[in-house]
Amino acid sequence: MATAQGVVDPEHGLVGVAQSLRGLGSVKRVLVIGAHPDDEDTSLLAFLVRGLGADAAYLALNRGEGGQNLIGPELGVGLGLVRAEELLAARRLDGAGQFFTRAYDFGYSKSADETFRFWPKDSLLSDVVLAIRRYRPQVVVSIFTGTTRDGHGQHQVAGILAREAFDAAGDPSRFPEQLAGGLPAWAPVKLYRSTRFDTTNTTLRIETGTLDLLLGRSYHQIAMASRSQHRSQDMGRIEPLGPRQTRVELLKSRGIADTERSEASLFDGVETSVAALLSALPDDEVRAGLEEPIEAYVDLVKNVADILNRRPAEVISHLGQALSILRRAIDLAAVAGPGAEHVHWVLRRDEAKLEVALTAAAGVIVAAFSDDDLVIPGQSLEVEVQIWNGGDGPVDIRALALETPTGWKVDRIGEVDAAVLPGTLSRRRFQVTVPLDEEQTRPYFLRARRTGAAYVWPAESPERGLPFSPPLLEARADLGIAGNVVHRSAEAVYRFADQARGEVRRPLRVVPAVSVELAPATSVWPLGRETPLDFSVSLRGEVPEGAEGRVWLELPAGWRVSPAEADFSLPGPGRAATAEFEVEPAEETEPGAYDLRAWAETADGHRYQQGYSIIDYTHIRRNLLYEEAAARIEAFELDVDQDLRVAYVPGAGDAVAEAVGAMGLRVDVLDERVLASGDLSEYDVIVLGIRAYETNPTVVASNERLLGFVRAGGTLIVQYQQYRYFRESYTPYAMRARFPHDRVSDELAPVAVLAPRHPVFHVPNRIGESDFQGWVQERGLYFPYEWDERYQALLEMADPGEEPKRGGLLVARYGEGLYVYTGLSLFRQLPAGVPGAFRLLANLLSLE
C-alpha cells in the first residue's frame with residue numbers, strides 16, 4: 001500500500017469476517033477482459049466481490065504506456081508502471097484480482113488489423129488463454145464487441161481475443177505447453193459482453209446501486225472510488241447515491257440454451273455450489289467419502305453468517321470447526337486421484353478465505369516492518385514481525401519465518417514466548433543479509449529488452465501475467481487459533497511518518513550502491529552553434545557507510561568535455577550529488593544522432609552506469625524505473641532567433657518547455673500568479689501545454705488575458721486541447737471538434753503542405769518532406785474538423801483509407817498578433833529528439 005491502512009480494512013475485524021463469509025461454500029469466478037487500464041467495469045467487479053463474495057479479476061491487455069499523463073512527466077514504460085499501480089490501487093478498493101498480457105501499448109490505432117501488426121495475435125491469444133486457465137472462471141465478460149463499433153483498434157482486439165480464448169482455453173490441443181506446465185484445459189460456461197456503450201442487445205441488468213449495510217456504501221460508489229484511482233488518466237469520479245445498473249449481453253453459454261435469454265444472474269445455468277463439484281468425480285467411492293465433510297462444511301458456513309449477526313462472540317469456534325472439516329475434505333481430495341484435481345483446487349481456495357475469516361474474527365493481525373526500503377547487495381537490515389492479538393482468546397505461534405529470495409541469509413535476533421496473550425503484541429526480529437551478487441529489483445517484464453510492442457516474459461515463470469513480482473521479503477506465520485493452525489503472511493515494508501500525510505509504507509527494493517543518471521536524455525545541437533551543451537550527472541548513494549569516487553562522460557571520437565572528470569562524495573544512504581559538464585561536438589560534425597554515457601567509479605574500484613528514477617505518488621505504491629546513464633544528441637540544421645522571449649504554461653505533464661530551452665532560447669515557465677496578474681507583454685510568444693484548459697484552472701480564468709496578449713501583438717501557440725476547449729469557446733474565432741475527435745495515428749502518414757508560401761515553412765528554417773520523417777507513435781490528435789474562415793489550415797494528412805484532415809495546424813491573425821492551434825503531437829516528438837519537430841517549432845515561435 002502507498003499509505004497505511006484505511007479506516008475500514010476488508011480483511012480485519014467483523015467487516016473482514018462478513019466479507020469472507022459471503023464467498024464461502026460456493027464457486028463463483030468471473031474474468032473481465034478489456035484492453036487498457038480504465039476499460040474495466042468497476043461497478044461489476046465491486047458488486048461481484050464485495051456484494052456476492054465471488055472471485056473476480058480484470059485482464060488488461062496492456063498497461064497503458066501509449067497514453068498521456070495528467071499527473072506527472074512519465075510516459076511510455078514509466079507511465080505503464082504508474083497505471084499498473086493505479087489498477088492495483090483500484091483493485092484494493094473493489095477487491096478484484098488483476099492480470100496482464102505481454103502487450104505494450106504502442107498508441108492509438110484505428111483497426112484490429114493495424115493492432116495485430118504490432119501485437120502477434122497468437123502470442124496474445126496464448127496470454128489470454130493462460131489467464132483463463134490459471135484463474136478458471138465460469139463466466140467471462142468481454143468489455144468490447146471485437147468489431148469496428150469499439151473504435152480504438154486495441155479495443156477491437158480485446159473483444160476478438162476474448163471470444164477466441166473462450167473457446168480455445170478448454171481445447172487441450174491449443175497451447176499444449178501450458179498444460180505441460182501444470183495448468184488444466186478450462187472451458188468457461190458463459191461469455192458476456194458489456195453493453196455500457198450500446199444497450200440495444202442487453203440481456204441482463206445487474207443492480208449495482210444497492211446500499212450495502214455492511215460497508216455503508218453502494219457497489220457503484222465503491223466502484224467510483226476505485227475508478228478515481230486512475231488519476232493519470234483524468235478519471236476522478238463523483239460517488240453518487242441511488243440506483244445504478246451494469247448491463248451485459250449473453251453471447252455464448254454452455255449452461256443454458258441460446259433461446260433462454262431472460263436471466264436473473266450472471267450465474268444462471270452455472271453450478272456454483274461446492275457440493276455439486278462432486279458429481280464430476282468418476283470414482284463413486286471417492287465421491288461418497290467427500291460428500292459428508294463437504295456438506296457439513298457448507299452447512300456450518302451458512303450458520304456462521306447467521307451467528308455473526310446475532311452472537312458475534314461465538315463465531316470463532318464455529319469458524320474453527322468449519323476449517324477443521326474443510327481440511328478433512330481437502331486431504332481426501334488430495335489423494336482421490338484423477339478427476340478430483342479441480343475439487344481440491346476449489347477447496348484450497350475456500351481454505352484461504354476461511355483462514356482470513358478466522359484470523360479476523362479472532363482479532364489477530366500480522367505485520368512485518370523493515371528498517372530500510374532501498375538496500376544494496378551485501379547490506380544487512382532488520383525486519384520486525386509483529387503479531388497483535390486484539391481478541392479475547394489465546395494465540396499460539398507454531399512457526400514464524402521470513403521468506404526471501406534464494407541466497408539471502410536470515411538470522412533470528414533473540415527469543416520470545418510461543419504464545420500471544422489477549423490484548424498483547426508479540427515482536428520477533430530478524431537480521432537479513434542481501435547477497436553480494438543480488439540483482440537489482442526490476443519488474444519481471446522489464447528484465448529483458450522489449451521485442452517491438454511486446455514485453456519479453458521470463459520463460460516458464462509463475463510471474464507471467466501478474467502485475468508485478470511477489471514481494472522480496474514476506475513474513476510467514478503459522479498460528480494456533482481455535483484448535484486450528486492458520487497460515488498468515490505479510491509483506492515486509494518500510495514505514496515512516498510523513499508530517500503531511502501520516503504513516504507511509506514503502507516496499508523493499510534492491511538498488512545499486514550508486515545510481516547514475518545523465519540529463520537531459522535527449523539534446524539537440526543546431527549545426528553551427530557556438531555555445532557548448534550542458535549536461536548534468538546526478539548520483540544517489542545507498543551505501544550505509546557512504547561512498548566517494550569520480551564521474552566522467554564517455555563521448556564520441558573528437559568531442560570535448562569540460563571538466564574531464566569530477567569527484568563526488570555521498571556521505572550516507574539517500575544522499576545525492578551532482579556533477580556538471582559542458583560538451584562540444586567535434587569540428588565539422590555531420591548531421592545525425594550521437595550517444596553519450598556517464599560513468600561513476602567508487603574508491604573501491606566498482607563502476608556504475610545505471611540509474612533509477614523514483615515514481616512516487618500518494619495514491620499508489622512507489623516504484624523504480626531503471627535506465628542507462630546515457631543521452632542522445634541530435635545534430636541538425638536549425639535556425640532560431642536567440643532573442644525571442646518565450647513563456648510556457650504547463651499542461652498535463654510534457655517536456656516541451658525543456659525542448660524550447662534545448663534550442664538555446666530562454667523560456668520562462670509561468671506560474672499561476674504571473675499568468676493571472678503578471679506582465680505578459682514582455683514576451684513575444686506564449687506556448688500553452690497540452691490539455692492546459694483541462695488541468696490548469698488559471699488558464700481558464702486567464703483566457704481573456706491570453707487573448708488580450710494576442711490582440712496586442714503577441715503570438716499564442718496552443719497545443720492540443722480536449723473537448724472543453726472547443727465546447728466552451730476559448731478561441732478568438734469558432735472551431736469545433738468531432739466526438740470522437742479527428743486524429744492521425746499513423747506516424748508515417750504522408751503530410752501535405754497546403755500553403756507552401758506561408759512563413760511557417762520558410763522562416764527561419766525551410767520545412768520539407770524530410771521534417772516529417774522519424775516521427776513517433778502518431779502525427780497528432782484532437783484536430784478540429786470545422787473552423788472560422790479567418791483561420792488558415794496549413795497541413796493536410798490522413799490515416800490510410802481515411803478522408804484527409806486539415807485541422808492539425810491552424811493559424812489566425814487576431815488583432816495585432818497571431819493565434820496558433822496545433823494538434824500535432826509535438827509533446828511526443830520533441831522529447832524523442834525528432835529534428836523536424838524542433839525545426840517546425842522554431843518556425844512557429846518565429847511567426848510574426
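The values are calculated or read from the model by the stated rules, or taken from the named source; none is laboratory data. Predicted, not measured: the structure shown is a model, and the values here were computed from it. Here the Cβ is made from the backbone with ideal geometry for all residues, glycine too, and neighbour counts use every protein chain on show. Each accessible area value is taken on the protein alone, full model and side chains, heavy atoms only, with ligands, DNA and RNA left out. Shrake-Rupley method; radii C 1.70, N 1.55, O 1.52, S 1.80 Å.
Below are the figures for this structure:
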| item | result |
| --- | --- |
| Under 24 Å from the Cα of LYS190 - lysines, other chains or at least 8 residues apart | LYS28, LYS121, LYS252 |
| Amide H partners (placed H, <5 Å) of GLN98, local residues excluded | TYR58 |
| Where region 241-343 is the region considered: accessible area per residue in Å², 1.4 Å probe | 53 Å² |
| Cα-based helix-to-principal-axis angle, 284-310 vs the chain, degrees rounded to 10 | 70 degrees |
| Whole-Hz couplings from phi, Karplus 6.51/-1.76/1.60, listed for region 131-138; x for Gly and Pro | 5, 5, 5, 6, 8, 6, x, 7 |
| Stokes-Einstein diffusion coefficient of region 460-609, Kirkwood radius over Cα pairs, 10 °C, 1.306 mPa s, in µm²/s | 81 µm²/s |
| Mean residue ellipticity (222 nm) of the chain, computed from DSSP H runs ≥ 4 via -39,500 (n - 2.57), nearest 500 | -7000 deg cm²/dmol |
| Between helix 341-361 and the chain: long-axis angle, C-alpha atoms, 0 to 90°, nearest 10 | 90 degrees |
| Cα convex hull of region 228-306 - mean projected area over all directions, nm² | 10.4 nm² |
| Packing-based order for 370-378, 53-61, using average beta carbon neighbours within 10 Å, highest first | 53-61, 370-378 |
| Accessible surface, region 480-561, averaged per residue in Å² (probe 1.4 Å) | 42 Å² |
| Nearest-10 value in Å² for the accessible area of TRP525, using the 1.4 Å probe | 20 Å² |
| Coil-residue chymotrypsin sites (Phe, Trp or Tyr not before Pro) of region 163-205, DSSP, other Cβ within 10 Å capped at 14 | PHE197 |
| Whole-angstrom Cα spans of region 400-524 along principal axes, big to small | 67, 42, 31 |
| Range of Cα positions in region 685-792 per principal axis (Å), largest first | 40, 33, 25 |
| Hydrodynamic radius of the chain per Kirkwood, over alpha carbon pairs, in Å | 30.1 Å |
| Gyration tensor verdict on region 591-661 (Cα atoms; rounded if a/c is under 1.5, prolate if a/b is larger than b/c, oblate otherwise) | oblate |
| Portion, in percent, of the accessible area of the chain that falls on carbon or sulfur, probe 1.4 Å | 49 percent |
| Heavy atoms of HIS762 accessible to a 1.4 Å probe, total area in Å² rounded to 10 | 70 Å² |
| Heavy-atom SASA rank of SER569, SER846 (probe 1.4 Å, accessible area, largest first) | SER569, SER846 |
| Sorted peptide list for 300-307, 13-20, criterion being average Cβ within 10 angstrom, highest first | 13-20, 300-307 |
| Accessible surface of ASP113 - all protein chains present, 1.4 Å probe, nearest 10 Å² | 110 Å² |
| Karplus-derived HN-Hα couplings along region 482-488 (A = 6.51, B = -1.76, C = 1.60, θ = phi - 60°), whole Hz, x at Gly and Pro | 6, x, 10, 8, 10, 9, 10 |
| Between 0 and 90°, nearest 10: helix 835-845 axis offset from the chain longest Cα axis | 60 degrees |
| Neighbour net charge for LEU638 - beta-carbon separation under 12 angstrom, K R +1, D E -1 | -2 |
| Qualifying trypsin sites (Lys or Arg not before Pro) for region 594-667 [loop in DSSP, other Cβ within 10 Å: at most 13] | ARG666 |
| Rounded accessible area per residue of region 732-774, 1.4 Å, Å² | 58 Å² |
| Base-10 log of normalised Debye intensity for region 319-420 (one unit scatterer per alpha-carbon) at q = 0.20 Å⁻¹ | -1.06 |
